Amino acid sequence: MKRKGLLILLLLTILFCFVGCMEAPDVEGGDKIKKAREAYASLDSARVVMTNTETGECEQEFIFKYDEKGMLSYSYVGKSEKSSYKQFNNGYESYTEENGKVTHLVRGDNDFAAYSKDAKHPQADMGLIIYQPASVKEASVTEDGDTTHIHHDYDLDKIKPELEEGEATAFYADYYFKGDELLYFTETTEAKVDGEGKTYAYKIEIKDKNSVERVENPIDISKE
């Protein structure tokens, strides 16, 4: 699942190429997840934080806000063991910094992309919260006090995951709800890297819902 306009760098972030995107029957927990996806896509602004659960370090942050005309401004900061990437776009110009190299585009340039409420950026749309029922091989729902935990085990025979290095051997998505409110979700990838097993686990939180006042450019434009 390539997300146009961003280079997703984290080893965790599999570029899913799902086989068969037609509607499939829901699996356990599907109703709650679909409501959470719709609620996220309806936000006027938010800050999405992806944290490495082993290190406690934030490794991706995506901030977005629509203006009064529905034009999207966003910033993205991401890093991995081998790469770093930043991007800022306000619908009129964009700055991108990849491994220290800065580029600048303006509306009208061939590679420039603008987004709005009518033409959503993939990271500001419901696809941010993964849910592909046709590719889930096992699903379960458990209750712990007032928290509902939904676990989905994805079938690697039905997806084509790509990692920055190594080969994926399993992928899980876990969602934690209080009522119909999504508290956070996690994505866990098990992989073989140079013949050894490795696990990449990340917690994704949607914060500052409808309360982002301004999207700042995270790039030092003096490097341009």
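Scanning the stretch 53-67 for residues that are polar (S, T, N, Q) and surrounded by fewer than 18 Cβ atoms within 10 Å (Cβ to Cβ) gives THR53, THR55. For the stretch 177-224, which positions are part of a strand (DSSP E or B) and among the polar types (S, T, N, Q)? Residues satisfying the conditions are THR186, THR188, THR189, THR199. I'd like to check something: does the stretch 194-213 contain any residue that is small (Gly, Ala, Ser), more than 30 Å from LYS101 (Cβ to Cβ) and in contact with a Phe, Trp or Tyr (Cβ under 7 Å, 6 or more places away or on another chain)? No, there is no match, as no residue in the stretch 194-213 is small (Gly, Ala, Ser), more than 30 Å from LYS101 (Cβ to Cβ) and in contact with a Phe, Trp or Tyr (Cβ under 7 Å, 6 or more places away or on another chain).
Residue under question is LEU163, and the condition is that it be closer than 30 Å to LEU72 by Cβ and part of a loop (DSSP other than H, G, I, E, B); does it hold? Yes: the conditions hold for LEU163. Does ALA173 satisfy the criteria of being more than 19 Å from GLN123 (Cβ to Cβ), surrounded by 15 or more Cβ atoms within 10 Å (Cβ to Cβ) and not basic (Lys, Arg)? Here the answer is no, as ALA173 does not meet what is asked.
Working only within the stretch 213-224, note down all residues that are closer than 14 Å to TYR76 by Cβ and among the β-branched types (Val, Ile, Thr).
VAL215, ILE219
Whether a residue is without any contact (Cβ under 8 Å) to a residue 40 or more places away in the chain and part of a strand (DSSP E or B) was assessed, and GLU61 passes this test. Taken over the stretch 24-48, residues that are surrounded by fewer than 19 Cβ atoms within 10 Å (Cβ to Cβ) and either part of a loop (DSSP other than H, G, I, E, B) or not basic (Lys, Arg) (or both) amount to 12. What about SER94, is it without any contact (Cβ under 8 Å) to a residue 24 or more places away in the chain, under 28 Å from LYS207 (Cα atoms) and of a type outside the set (A, V, I, L, M, F, W, C)? Criteria met by SER94. For the residues ASP153, ASP174, the requirement of being over 24 Å from ALA46 (Cβ atoms), among the charged types (D, E, K, R), part of a strand (DSSP E or B) and touching a residue at least 12 places away in the same chain (Cβ under 8 Å) singles out ASP153. Scanning the stretch 93-138 for residues that are among the hydroxyl-bearing types (Ser, Thr, Tyr), within 19 Å of the chain's Cα centre (by Cα), part of a strand (DSSP E or B) and modelled with pLDDT under 95 returns a single hit, THR96. When we screen ILE130, ILE150 for residues that are closer than 30 Å to VAL215 by Cβ and not small (Gly, Ala, Ser), the only hit is ILE130.
The values are calculated or read from the model by the stated rules, or taken from the named source; none is laboratory data. Keep in mind the model is a prediction, meaning the values are calculated, not measured. Methodologically, a virtual Cβ is constructed for each residue, glycine included, from the backbone with ideal geometry; neighbour enumeration extends over all protein chains shown.
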